[in-house]
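The structure appears below as structure tokens.
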Amino acid sequence: MPHQLVFATNNAHKIEEVAHKIGDQFDILSLDAIGFTDDIDETGTTFRANASIKSQTIYQKFKLNCFGDDSGLEVIALNGEPGVYSARYAGEHGNHHANITKVLKNLEGATDRRARFITVISLIWNGEEYFFEGTVEGTIRHERSGAKGFGYDPVFQPDGYNITFAEMSMDEKNSISHRARAVEKMVEFLKEQ
């Protein structure tokens with residue numbers, strides 16, 4: 001029987017990506033699945049701090065093995081924005097269309113369109129906290145392309161590809177994405193436990 005591991009999110013896209021990557025070794029539970037319906041305030045100023053807030057909140061309440069992540073887009077020409085504010089860059093949390101529109105507007109006239117996605121995972125395993133990080137480098141397209149994925153995927157073209165994350169299958173994206181790379185590191189760690 002697989003180990004249960006709580007993912008401190010109700011983002012169905014994230015859960016699907018991670019469950020797909022982890023496979024049958026773990027039964028990934030959402031916050032809904034464990035009956036947690038409160039919002040977790042992301043008050044940290046770094047990805048690491050926000051990931052830790054999520055996992056610590058769940059561990060303190062339920063004492064279950066769990067992990068939280070924080071991810072975002074860092075655009076070189078925008079001095080690292082939107083960064084930890086990626087999900088609420090345009091104001092309203094989770095308004096992907098508005099967030100992309102703001103990034104594209106802020107990049108008007110910019111010749112340097114380099115960017116990277118970063119994910120930091122905070123895993124609490126048997127009461128101890130561990131961190132795993134994954135990044136993927138790329139560029140911001142001038143316009144949206146593709147209907148898959150979520151967030152900034154329609155404008156992010158990873159280095160070495162001529163398509164955006166939103167044009168990739170889940171298998172393609174999962175082979176190179178920032179979250180996949182962080183999850184791989186976590187899975188390697190868990191295999192040794």
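Would you say Glu92 is more than 16 Å from the chain's Cα centre (by Cα) and at pLDDT below 95? Reasoning before the result, please.
On the way: more than 16 Å from the chain's Cα centre (by Cα): yes; at pLDDT below 95: yes.
Spelling it out, Glu92 is indeed more than 16 Å from the chain's Cα centre (by Cα) and at pLDDT below 95.
Scanning region 155-176 for residues that are out of contact with any strand residue (DSSP E or B) (no Cβ under 7 Å at 6 or more places or on another chain), in a loop (DSSP other than H, G, I, E, B) and crowded, with 17+ Cβ neighbours inside 10 Å turns up just one, Met168.
Quick one: how many residues across region 38-59 are hydroxyl-bearing (Ser, Thr, Tyr), more than 17 Å from the chain's Cα centre (by Cα) and surrounded by fewer than 20 Cβ atoms within 10 Å (Cβ to Cβ)? I'd like the intermediate steps shown before the answer.
Start the filter on region 38-59 by keeping residues that are hydroxyl-bearing (Ser, Thr, Tyr), which leaves 43, 45-46, 52, 55, 57, 59.
Subsequent filtering for residues that are more than 17 Å from the chain's Cα centre (by Cα) retains 57, 59.
Pick out the ones that are also surrounded by fewer than 20 Cβ atoms within 10 Å (Cβ to Cβ) and you get 57.
Count: 1.
Entry remark, region 60-86: residues being farther than 18 Å from Glu143 by Cβ, of a type in the set (A, V, I, L, M) and crowded, with 19+ Cβ neighbours inside 10 Å number 1 in total. Checked against the criteria, Ala77 counts as farther than 15 Å from Val183 by Cα, in contact with a Leu (Cβ under 9 Å, 6 or more places away or on another chain) and outside any loop (DSSP other than H, G, I, E, B). Please enumerate the residues belonging to region 89-117 that are surrounded by 22 or more Cβ atoms within 10 Å (Cβ to Cβ) and either in a strand (DSSP E or B) or polar (S, T, N, Q) (or both). Across region 89-117, the qualifying residues are Asn99, Ala115, Phe117. Residues in region 12-32 that are over 18 Å from the mean Cα position of the chain (by Cα) and surrounded by 15 or more Cβ atoms within 10 Å (Cβ to Cβ): Phe26 alone. The test for being basic (Lys, Arg), under 18 Å from the mean Cα position of the chain (by Cα), buried (at least 21 other Cβ atoms within 10 Å of the Cβ) and at pLDDT below 95 holds for Arg179.
Of all residues in region 138-153, which are without any contact (Cβ under 8 Å) to a residue 60 or more places away in the chain and either farther than 18 Å from Asn95 by Cα or surrounded by fewer than 22 Cβ atoms within 10 Å (Cβ to Cβ) (or both)? Break it down into steps so the answer makes sense when it comes.
So in region 138-153, the residues without any contact (Cβ under 8 Å) to a residue 60 or more places away in the chain come out as 138-139, 141-148, 153.
Those that are without any contact (Cβ under 8 Å) to a residue 60 or more places away in the chain and either farther than 18 Å from Asn95 by Cα or surrounded by fewer than 22 Cβ atoms within 10 Å (Cβ to Cβ) (or both): Gly138, Thr139, Arg141, His142, Glu143, Arg144, Ser145, Gly146, Ala147, Lys148.
Looking only at region 118-137, decide whether some residue is assigned to a helix (DSSP H, G or I) and in contact (Cβ under 8 Å) with a residue 12 or more places away in the chain. Checking region 118-137: not a single residue is assigned to a helix (DSSP H, G or I) and in contact (Cβ under 8 Å) with a residue 12 or more places away in the chain.
Let me confirm something: among Ser52, Ser30, Ser71, which residue is over 23 Å from Asp153 (Cα atoms), touching a strand residue (DSSP E or B) at 6+ places or on another chain (Cβ under 8 Å) and among the small types (Gly, Ala, Ser)?
Working: Ser30 fails: over 23 Å from Asp153 (Cα atoms); Ser71 fails: over 23 Å from Asp153 (Cα atoms).
Unique residue meeting the criteria: Ser52.
The values are calculated or read from the model by the stated rules, or taken from the named source; none is laboratory data. Predicted, not measured: the structure shown is a model, and the values here were computed from it. Please note: Cβ atoms are built from the backbone with ideal geometry, for glycine as well, and neighbour counts cover all protein chains shown.
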